[in-house]
Amino acid sequence: GGSESLTREKHQGTLARLAATTFSPLEILAGKLLYLCLAGLVQALVLMAAGQLIGTVHLFGIDFSWGPRFWAVILFTLPYAFAVGSLTLFVGGLLRTTQQAESLAWLVGMVMAAMGGCWWPLEIMPKAAQLIGSLFPTYWAMKAWHGVVTFGRGLDAIALPSVVLIAFGLLFAWLGSRTMKVAT
């Protein structure tokens, strides 16, 4: 949704109008990035709360809990939202039409989910696929969340994945600043 919104703003001239204001291109991109990160954070937190509620009331026979270290899950959601928001800025900068954003952004997400271990455990994939999977932010997200939820670990489970996701976020934000043209 964020990539589609950014391409629509480019197509409709919103970014060009913003560039005519007193804001610098860096401030405009920082504002877009902040919006994307906050939107992703709110979406993640709402889905996590829904999952906890479903597990608590045993809806559909589901017995689920984020576990006693829920604080680590919440804390890790911050670098995760930054990486996703930055990736969205980058993808939005690459794409030129809303149709591209509506289809290709989903494709990128699905490939990242599959390769990062969101659909199945990476352990069942061939070693080469596991190595390739570690190049995706989703791999590091799943590594952290499994460490906390499945194995009951705390800060030690999220420390390295947080650093890696922040690095991904910085890379994607930089690439997004190069591809997302904010010109007068």
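The values are calculated or read from the model by the stated rules, or taken from the named source; none is laboratory data. The model shown is predicted, which means the values in this text are computed figures rather than measured ones. Glycine gets a Cβ as well: all are built from the backbone with ideal geometry, and neighbour counts include every protein chain shown. Quick note on the areas: whole protein, heavy atoms, side chains included, nothing else; ligands and nucleic acids left out. Shrake-Rupley method; radii C 1.70, N 1.55, O 1.52, S 1.80 Å.
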In region 159-179, is there at least one residue being surrounded by 14 or more Cβ atoms within 10 Å (Cβ to Cβ), of a type outside the set (S, T, N, Q) and modelled with pLDDT under 90? yes
Tally up the residues in region 18-50 that are closer than 24 Å to W145 by Cβ and open to solvent by less than 50 Å² (accessible area, probe 1.4 Å), please. 9
Could you grab the pairs with beta carbons closer than 8 Å, sequence gap of 6+ or different chains, first residue in region 97-115 and farther than 20 Å from E9 by Cβ, second one polar (S, T, N, Q) and open to solvent by less than 50 Å² (accessible area, probe 1.4 Å)? M112/T138; A113/T138; M115/T138
Please verify whether region 140-151 includes one or more residues that are part of a helix (DSSP H, G or I), out of contact with any helix residue (DSSP H, G or I) (no Cβ under 7 Å at 6 or more places or on another chain) and at pLDDT below 95. yes
Specify which of the listed residues (T56, T97) is over 21 Å from M142 (Cα atoms), of a type in the set (V, I, T) and either buried (at least 20 other Cβ atoms within 10 Å of the Cβ) or at pLDDT below 85 (or both). T97
Failed condition for F151, given (1) more than 16 Å from the chain's Cα centre (by Cα); (2) closer than 25 Å to D63 by Cα; (3) surrounded by 17 or more Cβ atoms within 10 Å (Cβ to Cβ): (3)
